[in-house]
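Below: the structure, in structure tokens.
The values are calculated or read from the model by the stated rules, or taken from the named source; none is laboratory data. Small disclaimer: the values here were computed from a predicted structure and weren't measured. Ideal geometry is used to build each Cβ from the backbone, glycine not excepted, and the neighbour counts take in all protein chains shown.
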Amino acid sequence: MHLQGITPLHDYENILIVNEEGKTIFYDMADLSILQHLGFKPENFIGEKVTHLYKDLPNEESTVLSVLQSGEPLCGVTQRLTAQNGFSYSSFNSTFPIKVNGKTMGAIEFSKIYYGNGNIQTLESYSSHKIYRKNNTIYTIDDLLTCSPSMQHIKDIINKISKTDSPIWIEGPQGTGKEIIAQSLHNLSDRFTKPYIYFNCSAIEQENIDAVLFGHSEHTKPSILKEAQGGTLYIDDAHKLPLTTQVRLYRVIEEQVFNVNSNDPTKVSVRLVFATPIKGEELIKEQTLREDFFYRMSVVSIQMPPLVERKEDISVLVHYFIHFFNQHMHVQITHIDEKVLELFEQYPWPGNVRELKNAIETAYNHTEDSSIKIEDLPKRIVDFQQESRVINKYESKGNLKECVDFFERDLIVKELKNSHGKLAETARKLGISKQLLKYKMQKYHLR
């Protein structure tokens with residue numbers, strides 16, 4: 001058996017193999033969520049004739065079936081495909097016949113998928129690291145793009161602690177990249193062949209967290225801890241863990257065992273990584289976090305800086321996001337206005353790196369050419385620029401009201417940063433109610 005017309009294939013991300021009838025017998029995709037968008041489950045994809053997946057795709061227009069019929073390879077072909085459920089995308093393919101004793105017995109197709117503006121959200125779960133796809137991760141340490149000393153220090157810490165099994169406690173505002181840290185740790189560790197499991201305490205009623213983590217004797221569904229056996233369990237919004245659950249997790253770390261009930265001890269080997277936007281010391285004061293639990297789980301503690309404290313990374317991140325979207329979308333951005341970058345430097349980024357990525361995503365949906373301009377950005381960022389111009393204009397004229405507003409806004413921004421975005425703490429430091437703070441944040445376009 002041999003493949004005819006082999007060419008360099010490193011730019012392709014998906015593999016499809018069909019038999020001589022054009023039915024799928026194997027596939028490997030960079031983004032398995034594409035099957036969900038197509039309206040298929042993985043088990044239904046196998047054994048299906050490729051043309052049946054799409055609307056208006058006759059045999060003669062299918063690259064796979066054309067190669068099966070001709071026995072000759074087709075390289076560098078772009079197809080616009082629409083699934084039966086209406087989901088559309090473009091596929092760049094190179095397809096080769098599989099021959100046995102000169103007879104075509106099947107075909108193998110290498111492809112890369114490109115999305116349109118309307119499907120940009122599909123890229124949220126995209127994994128570009130082929131070797132790590134099967135352990136539930138998307139990110140590695142290479143995705144921590146930075147030129148700031150504080151973030152480089154964090155990368156150094158990750159490299160040092162990745163080979164240990166100590167629990168990790170990560171603090172930082174929403175959108176700073178806490179899960180990138182957790183996945184990077186997992187993929188650098190010896191556990192990378194085992195599962196990485198994400199568990200969000202905010203997504204489950206508090207009274208059910210214990211049962212989901214440890215299992216329930218009346219249910220057959222495996223516990224989250226069992227699913228993560230041998231791997232890493234990332235517990236997001238850890239400040240919402242019930243006190244009783246904290247006690248049980250403490251035992252997991254100390255004894256590497258947990259009980260579904262008193263007669264059912266279960267051995268477990270899992271590295272625990274906790275993340276929270278609130279400082280552990282504050283949670284202890286509020287009596288929502290056990291002191292012994294915190295100090296045991298924060299053997300290694302990582303403080304994620306907000307984007308406003310690492311502004312030197314803004315340009316690096318902007319160009320990375322543009323490169324990423326260019327690689328996977330039809331819209332190609334080749335230029336970004338200098339005024340946009342200047343505005344990005346001035347904007348406080350309350351949503352941090354996640355908000356910056358969303359701003360670039362918005363620009364991709366609004367741009368009418370190959371450049372990003374101020375008017376392509378989200379309204380809140382454009383309004384921030386316009387408001388800053390007004391303030392500067394009146395400040396120079398000595399207008400008292402505008403000067404007071406400027407001072408008030410600047411003070412709120414600084415306290416939000418110092419409090420890592422926590423409204424209650426910010427309001428307390430400013431000496432105003434939380435409700436009044438929300439009103440002023442809305443007034444000054446800070447949320």
Inset, instruction - Could you please find all residues in the stretch 15-50 being surrounded by fewer than 17 Cβ atoms within 10 Å (Cβ to Cβ) and over 27 Å from residue 127 (Cβ atoms)? - result: 19, 20, 21, 49
Legend entry - Scan of the stretch 276-299 for residues that are free of Cβ contacts under 8 Å to residues at least 60 places away in the same chain, in a loop (DSSP other than H, G, I, E, B) and surrounded by 14 or more Cβ atoms within 10 Å (Cβ to Cβ), ordered by number: 288, 289, 290
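Taking residue 319, is it modelled with pLDDT under 90, surrounded by fewer than 17 Cβ atoms within 10 Å (Cβ to Cβ) and not assigned by TED's automatic domain parsing to the domain that holds residue 188? Give the derivation first.
Values: modelled with pLDDT under 90: no; surrounded by fewer than 17 Cβ atoms within 10 Å (Cβ to Cβ): yes; not assigned by TED's automatic domain parsing to the domain that holds residue 188: yes.
Against the criterion (modelled with pLDDT under 90, surrounded by fewer than 17 Cβ atoms within 10 Å (Cβ to Cβ) and not assigned by TED's automatic domain parsing to the domain that holds residue 188), residue 319 does not qualify.
Can you tell me which residue within the stretch 300-340, out of those that are β-branched (Val, Ile, Thr) and assigned to a strand (DSSP E or B), is farthest from residue 178 (Cα to Cα)? Show your work before the answer.
If we filter the stretch 300-340 for residues that are β-branched (Val, Ile, Thr), which is where we start, we get 300, 302, 308, 314, 316, 318, 322, 331, 333-334, 336, 340.
With assigned to a strand (DSSP E or B) added as a condition, the list becomes 300, 302, 336.
Details: 300: 14, 302: 9, 336: 28 Å.
Among those residues, the one meeting the criterion is 336.
Residue check: is residue 66 closer than 20 Å to residue 327 by Cα, of a type in the set (S, T, N, Q) and touching a Leu at 6+ places or on another chain (Cβ under 9 Å)? Let's see the steps before the verdict.
Values: closer than 20 Å to residue 327 by Cα: no; of a type in the set (S, T, N, Q): yes; touching a Leu at 6+ places or on another chain (Cβ under 9 Å): yes.
Judged against the criteria, residue 66 is not a match.
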Legend entry - Filter result (surrounded by 21 or more Cβ atoms within 10 Å (Cβ to Cβ), closer than 20 Å to residue 230 by Cβ and of a type in the set (S, T, N, Q)) within the stretch 164-183: 183
Legend entry - Residue within the stretch 351-361 that is surrounded by fewer than 21 Cβ atoms within 10 Å (Cβ to Cβ) and closer than 24 Å to residue 112 by Cβ present: yes
Inset, instruction - Tell me which of these residue 245 doesn't satisfy, since it passes every other one: (1) out of contact with any Pro (no Cβ under 9 Å at 6 or more places or on another chain); (2) over 24 Å from residue 125 (Cβ atoms); (3) of a type in the set (Val, Ile, Thr); (4) in contact (Cβ under 8 Å) with a residue 60 or more places away in the chain. - result: (4)
Legend entry - Given (1) small (Gly, Ala, Ser); (2) at positive phi; (3) in contact with a strand residue (DSSP E or B) (Cβ under 8 Å, 6 or more places away or on another chain), index of the condition residue 102 fails: (3)
Inset, instruction - Read through the list (1) in contact (Cβ under 8 Å) with a residue 60 or more places away in the chain; (2) farther than 21 Å from residue 360 by Cβ; (3) surrounded by 15 or more Cβ atoms within 10 Å (Cβ to Cβ), then give the number of the only condition that residue 105 fails. - result: (3)
Inset, instruction - Kindly indicate the residue of the stretch 118-163 that is outside any helix (DSSP H, G or I) and hydrophobic (A, V, I, L, M, F, W, C) and also surrounded by the most Cβ atoms within 10 Å (Cβ to Cβ) among those meeting that condition. - result: 138
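Do we have residue 21 as assigned to a loop (DSSP other than H, G, I, E, B), out of contact with any Pro (no Cβ under 9 Å at 6 or more places or on another chain) and of a type outside the set (Phe, Trp, Tyr) here?
On the way: assigned to a loop (DSSP other than H, G, I, E, B): yes; out of contact with any Pro (no Cβ under 9 Å at 6 or more places or on another chain): yes; of a type outside the set (Phe, Trp, Tyr): yes.
Yes: the conditions hold for residue 21.
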Inset, instruction - Scan the stretch 362-374 for residues that are part of a loop (DSSP other than H, G, I, E, B), among the hydroxyl-bearing types (Ser, Thr, Tyr) and surrounded by 15 or more Cβ atoms within 10 Å (Cβ to Cβ) and jot them down. - result: 367
